[in-house]
Amino acid sequence: MTPTRLVTGVLVFPDVEVLDFCGPFEVFSVTRRDPARRREEPSPFDAFLVAETADPVAASGGMRVLPAHTFATCPPLDVLVVPGGWGTRREADNPRLVGWVARQAAGARLVTSVCTGSFLLGAAGLLRGRRATTHWASLDRMRAAFPDVRVDERAQWVEDGAVLTSAGIAAGIDMALRVVARVCGEEVARETAKYMEYPYSTDDRRRDPIARASWG
């Protein structure tokens, strides 16, 4: 009997940061419970892109991507991934997007963000009273916008119950590997990182030297 795959929606919107959504998508698409059967068995994560409409989405740098689902057609998600980028400044005031995030999060097993995607989780009320992080350049802005959030400037990723937030851009890969570890176990997460030739770490300390220098 084939195990049920986790329905994993990766949100995209205009001016989304490319690696913010491509990094986690890559992690979830190449994960295998049995690496020896990589070509025979699918990933335990059924990952796809979701956007407000079915139109192509122009990401940062001009990359254009085509969502598999709209807010109207997206099924209930087990895992929600909310990336960041310059577009979050606009989308935080988009009631359709924020409302969709809130509704999907209510039934999801895990809710995650990358970089300034945390501002969309915050706008949806999902970070109240929680620890969270974001891109190092937006930490002060996050404190000002969400005073009830315990902003962690030293973490590469933060796990607070079912909500995982991560630092800037490439940290989304680390966050996604943590999701793999929670769902499939540490060994599968390590094998996934090995396949990607990406350094796997259980140390959640922020690795960005610029951010570390700001600690004093």
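Here are the numbers:
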| read-out | value |
| --- | --- |
| Count - residues of segment 52-71 that are in a strand (DSSP E or B) and in contact with a helix residue (DSSP H, G or I) (Cβ under 9 Å, 6 or more places away or on another chain) | 1 |
| Of the criteria (1) farther than 24 Å from residue 88 by Cα; (2) part of a loop (DSSP other than H, G, I, E, B); (3) modelled with pLDDT under 95, which one residue 212 fails | (2) |
| Of the criteria (1) touching a Pro at 6+ places or on another chain (Cβ under 8 Å); (2) outside any strand (DSSP E or B), which one residue 74 fails | (1) |
| Some residue of segment 115-136 being over 17 Å from the mean Cα position of the chain (by Cα), modelled with pLDDT of 95 or more and over 30 Å from residue 197 (Cβ atoms) | yes |
| Enumeration of residues in segment 103-117 that are over 13 Å from residue 11 (Cβ atoms) and either part of a helix (DSSP H, G or I) or aliphatic (A, V, I, L, M) (or both) | 106, 107, 110 |
| Matching residues in segment 144-183 - criterion: being outside any strand (DSSP E or B), of a type outside the set (A, V, I, L, M) and within 28 Å of residue 35 (Cα to Cα) | 156, 172, 174, 178, 182 |
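The values are calculated or read from the model by the stated rules, or taken from the named source; none is laboratory data. Quick caveat, the model's predicted, so the values are computed rather than measured. With ideal geometry, Cβ positions are generated from the backbone for all residues, glycine too; neighbour counts draw on all protein chains shown.
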